[in-house]
Amino acid sequence: MATREREKAAKRQEEKDRRPKAIAKYVRVSSRKVKAVIDLIRGLNVQDAKAVLMNTPNGATEPVSKVLNSAVANAENNMNLSADTLFVAEAFADQGPTLKRFRPRAQGRASRIRKRTSHITIILDQVK
């Protein structure tokens, strides 16, 4: 398992500069919730991915669709690629910093509330 991850990381480094991508940092949605949405669109072409995101009733679909639209715009404007030939090559959500808040409880105690954030990355590629 670890060797496969190293191979994927090495391949990602090789193709780092050639593929359009977009990153949204410090999004106020848990990365666990974002990963469930991202798994639905990974490997799909851009039009299908947008259709899936529009019809998925999940709170994490809005930031993911914004990142997808941004990646498509980056591909069209910066690399002169057509949106019709693009697909979601890689999509992942990393955990961001956790905001710690406190809520009063019974008998003068307090309990911690963790407001989690995530970093969403979408990398596109052309259909060969």
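The values are calculated or read from the model by the stated rules, or taken from the named source; none is laboratory data. Given the structure is predicted, the values throughout are model-derived calculations rather than measurements. Ideal geometry is used to build each Cβ from the backbone, glycine not excepted, and the neighbour counts take in all protein chains shown. Note: accessible area is taken over every heavy atom of the protein model, side chains too, but ligands, DNA and RNA are not part of it. Shrake-Rupley method; radii C 1.70, N 1.55, O 1.52, S 1.80 Å.
Measure out, as a whole number of angstrom, how far apart the alpha-carbon centroids of the stretch 1-70 and the stretch 96-122 sit.
25
Please compute the net charge surrounding N45, taking Lys and Arg as +1 and Asp and Glu as -1 over other residues with Cβ under 13 Å from its Cβ.
Within the 13 Å Cβ shell, the charges total 0.
Please express the Cα-Cα pair-distance distribution P(r) of the stretch 6-50 as a list of whole percents, one per 10 Å bin, running from 0 to the bin with the greatest distance.
Reading the bins upward from 0: 19, 40, 40, 1.
Counting only protein heavy atoms and a 1.4 Å probe, tell me what percentage of the stretch 1-42's accessible area is made up of carbon and sulfur.
It is 47 percent, rounded to a whole number.
For the chain, taking Cα atoms only, what is the radius of gyration to one decimal and the Dmax to the nearest whole Å?
17.6, 64
Considering only the other residues whose Cβ falls under 9 Å of the Cβ of L124, what net charge follows from Lys and Arg at +1 and Asp and Glu at -1?
Local net charge: 0.
Taking the inverse of the average 1/r across all pairs of different Cα atoms in the stretch 53-128, what Kirkwood radius in Å do you get?
By the Kirkwood definition, the hydrodynamic radius is 15.3 Å.
Which trypsin sites (Lys or Arg not before Pro) in the stretch 1-107 pass both tests, a DSSP loop state and at most 13 other beta-carbon atoms within 10 Å?
Of the trypsin sites (Lys or Arg not before Pro), the ones in loops of the stretch 1-107 whose Cβ has at most 13 other Cβ atoms within 10 Å are K16, R18, R28, R105.
Tell me, what is the percent relative contact order of the stretch 1-64, built from C-alpha pairs under 8 Å that lie six or more residues apart?
29
What do you get for Rg/Rh of the stretch 35-93 when both radii come from the Cα atoms and Rh is the Kirkwood radius?
Rg divided by Rh gives 0.95.
Note the full-extension length gain between F92 and A110 as 0.36 nm times their separation in residues minus their Cα-Cα distance, in nm to one decimal.
3.0 nm
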